[in-house]
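Structure, as structure tokens:
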Amino acid sequence: MRFETTIGLEIHVELSTASKMFCGCSALFGGEPNTHTCPGCLGHPGSLPVTNRQAVAYGIMLALALNCEIAPRSIFHRKNYFYPDMPKNYQISQYDVPLSSGGSLEIDMGDYIRRVGITRVHLEEDTGKSIHVGESGRIHGADFSLEDFNRAGIPLAEIVTEPHLKSPEEARVFLQSLRSIIIYLGISDCKMEEGSLRCDANISISADERIGTKVEVKNMNSFKSLYRALVFEEERQRSLLQEGKTIVQETRHWDESNGVAIPMRTKEEAFDYRYFPEPDLVPLELDPTWVEEIRKKIPELPAAKLERFQSQYSLPQDVAMVLVGEEEMADFFERSADSKASPVEIGKWMVGDISAILNEKGISIKEAPISPQMLGELVLLLEERTISSKMAKEVLLEVFETGKSPRSIVEEKNLLQITDEKELEKIIDEVMAENSKAVDDFRSGKEQALKFLIGNVMKKTRGKANPSLVSDMVRRKLSS
Amino acid sequence: MAISEEEVEHIAKLSAFFLSDEEKKVFAKQLSEVLDCADVISEVDTSNVKPTSYITNLVNVLREDEVKPSLSIEEVMKNAPHVYEGVFKVPRII
Ligand SMILES: [Zn+2]
């Protein structure tokens, strides 16, 4: 049987406004529980919501970046359900008249481009956070729950895709591309571990023309867990179909530590949300001039930057992709490429040694003690042959340790490469005198004797000589 | 308009209420009466009126993104029936 996988995603992003969606409480992450709350976000009777202009602007910006049509008129609805993390017992969301719809995002899968339809981007408010207290630490079997409403009312943009993704890998790349765009827009920090970017997925498998049964998977809090959860579901559904069994339409909860998606009963399941227009808010009828102003503020997005990095700096595609993937890396690169050093070399150092050090230290390029100027200087020292590439690696580590500039480290440590031919010649003469047998061997045709001699010269200079220069000089001497 | 006991049960479930059979009967009758009351409005001729959820004709009421002081934690917790280490405590969810 040939199986086809169909995946659609539903993504929630917390917008990084200063205040909440419908009240003036701080929207900052964390804080002592319930200290960012007021009668509005605590759902006290009589309190009234007022929409945050900045949240609307961010929503419009995201919708435009995803090529959506902005609705000339949209309204908010109440989504009613009873759950302790929602103090009003309804969430203000958008329903059948959302902010925007009909967009698309193209993702680069290396061998091909997948165009993914964006059904809609709409605005809503976040819920509070439940902490389940009990021996197991999980929802099931918790003794009781604690509610922190600091998060309740933080503006959210919800992005719904069409079911156009064909594999768990495409889903992962889509989410990464989307995250990268949102970070470029500067409208959310997209920290999956803090919950400011969350993703649910719908996945179905079909063995023939018919559309398969949709299963929703929730609680994936990293790119890796999204991928793993979808691979798990794909396998599970495939083997059920192979056994001739039917797939139950349900919601599953991804359990990262055990690597399984388990069926769950939740607030959502089989619920009747009784949506109705929020009577305490008025419709949004967006002024096209405002929308155009926002469109102008959209910075160069990753796809355009990728193309430019390749044409302007002649970066290889894989290097450019890594740099563009993180806006901070791309910015650092551009500022560093401003120096006299070769941009291609700078790019390679960034995706190679520097990324490795950053990973090891668990810091971002912004937090690292190295500046773009320092990297330019390091690459220049290498290109001028002032230092060897082996030394450059050592100098780089030293920069991370001390924050000193590469040139001052080289001077301090006396690492300057011996490029003075007179000085080198003296050393080569010494080595040839000490190893007359190797000299004779080479002259009688043994090529590897050359390597032996070069090795000894390098040893004598404690690695400070330029190997290709030494090679040229030794060869010249031997053939004279 | 009549509300059935099943509908009452459904609404109660969504609101996490548990009603006795007797209560379901009472509420079905009372809720039906409330709806009958509202039905009086349908006697008005609305054939020339566009349906709307809004009556003020206002649009785009937006506020600037400015942080206003929140309540003090004492005020926040004032009406909480159950508190655990200064946080709202609720019965276990599942
Ligand atoms: Zn508030």
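Coordinate-derived values only; no laboratory data. Bear in mind the structure is a predicted one, so any value in this text is a computation, not a measurement. All Cβ positions, glycine included, derive from the backbone under ideal geometry; neighbour counts span all protein chains shown.
The alpha carbons of the stretch A:4-295 stretch over 57, 51, 32 Å along the principal axes, in descending order.
Shape index of the stretch A:237-373: Rg/Rh, with Rg the Cα radius of gyration and Rh the Kirkwood radius from the inverse mean 1/r over Cα pairs, equals 1.19.
Dividing the convex hull volume of the alpha carbon atoms of the stretch A:421-479 by its residue count, what do you get in Å³ per residue? Don't jump to the answer; show the numbers that get you there.
Numbers: hull volume 3.9 nm³, N = 59.
Hull volume normalised by residue count: 66 Å³.
Per-residue shielding of A:144-151, expressed as the average number of other chain Cβ atoms within 10 Å of the residue Cβ, stands at 5. Residues whose amide H falls under 5 Å from that of A:Asp255, counting only those 5 or more places apart or on a different chain, are A:Val260, A:Ala261, A:Ile262, with hydrogens built in the peptide plane. Per residue of A:54-60, other chain Cβ atoms within 10 Å of the residue Cβ number 2 on average.
Can you tell me the alpha carbon radius of gyration of the stretch A:61-130 divided by the globular rule-of-thumb value 2.2 N^0.38 Å?
Numbers: Rg = 15.8 Å, N = 70, 2.2 N^0.38 = 11.1 Å.
The reported ratio for this selection is 1.43.
Given a cut-off of under 8 Å on Cα pairs at least six residues apart, what relative contact order in percent is computed for the stretch A:302-412? All intermediate terms of the calculation are to be shown ahead of the outcome.
Details: 109 pairs, mean separation 24.5, N = 111.
Relative contact order for the stretch A:302-412 comes out at 22 percent.
Phi-derived couplings, Karplus 6.51 cos²θ - 1.76 cosθ + 1.60 at θ = phi - 60°, listed residue by residue for the stretch A:281-298: 10, 9, x, 9, 10, 6, 5, x, 5, 5, 4, 5, 4, 5, 4, 5, 7, 5 Hz, with x used for Gly and Pro. If one puts a single equal scatterer on every Cα of the stretch A:302-412 and applies the Debye formula without solvent, what log₁₀ I(q)/I(0) results at q = 0.12, 0.13, 0.22 Å⁻¹? Rounded to two decimals, the profile gives -0.37, -0.43, -1.22.
Remark on the stretch A:182-278: Rg and Dmax equal 16.0, 49 Å (Cα only). Tell me, rounded to the nearest percent, the portion of alpha carbon pairs in the stretch A:352-441 spaced more than 22 Å apart. Distances greater than 22 Å cover 42 percent of the Cα pairs.
Please arrange A:His122, B:His10 by how many other C-beta atoms lie within 10 Å of their C-beta, fewest to most. Intermediate results must be reported in sequence, preceding the final value.
Numbers: A:His122 25, B:His10 12.
With the fewest neighbours first, A:His122, B:His10 line up as B:His10, A:His122.
Working out 0.36 nm times the residue gap between A:Asp96 and A:Asp287, then minus their Cα-Cα distance, what length gain in nm do you get to one decimal? Don't jump to the answer; show the numbers that get you there.
Details: separation 191, 0.36 × 191 = 68.76 nm, distance 2.05 nm.
Full extension of this stretch gives 66.7 nm more.
Please tell me the relative contact order of chain A in percent, rounded to the nearest whole number, where contacts are Cα pairs under 8 Å and at least six residues apart. Each step should come with its number before you reach the end.
Working: 844 pairs, mean separation 64.4, N = 480.
RCO, chain A: 13 percent.
Legend: calculated FRET efficiency, A:Lys297 to A:Gln448, from the Cβ-Cβ distance at R0 = 60 Å, rounded to 0.05, equals 0.40. log₁₀ I(q)/I(0) of the protein assembly as shown at q = 0.09 Å⁻¹, via Debye over equal Cα point scatterers, no solvent, to two decimals? Values returned for q = 0.09 Å⁻¹ are -0.87. For chain B, the normalised intensity computed at q = 0.12, 0.20 Å⁻¹ comes to -0.87, -0.97 (log10 of I(q)/I(0), Debye sum over alpha carbons, equal scatterers, no solvent). Annotation for A:Arg407 and A:Ile211: the two label points, set 7 Å from Cα along the Cα-Cβ direction, are 6.4 nm apart.
Among A:384-397, B:35-48, sorting by the average number of other beta carbon atoms lying within 10 angstrom of each residue, highest first, gives A:384-397, B:35-48.
So if R0 is 30 Å, what FRET efficiency would B:Arg92 and A:Val50 give, r being the distance between their Cβ atoms, rounded to the nearest 0.05? Please report the intermediate quantities before stating the final value.
Details: r = 35 Å, r/R0 = 1.17.
Rounded to the nearest 0.05, the efficiency is 0.30.
Taking N as the residue count of the stretch A:1-95, its C-alpha radius of gyration divided by 2.2 N^0.38 Å amounts to 1.36. Distances between placed amide hydrogens fall under 5 Å for A:Leu15 paired with A:Leu156, A:Ala157, all partners being 5 or more residues away or on another chain.
Residue by residue, the stretch A:54-63 carries 3J(HN,Hα) couplings of 5, 4, 5, 4, 5, x, 4, 4, 5, 4 Hz when phi is fed to the Karplus relation 6.51 cos²θ - 1.76 cosθ + 1.60 (θ = phi - 60°); x denotes Gly or Pro. Percent of C-alpha pairs per 5 Å bin in the stretch B:1-43, short distances first: 6, 25, 28, 19, 12, 7, 3, 0.
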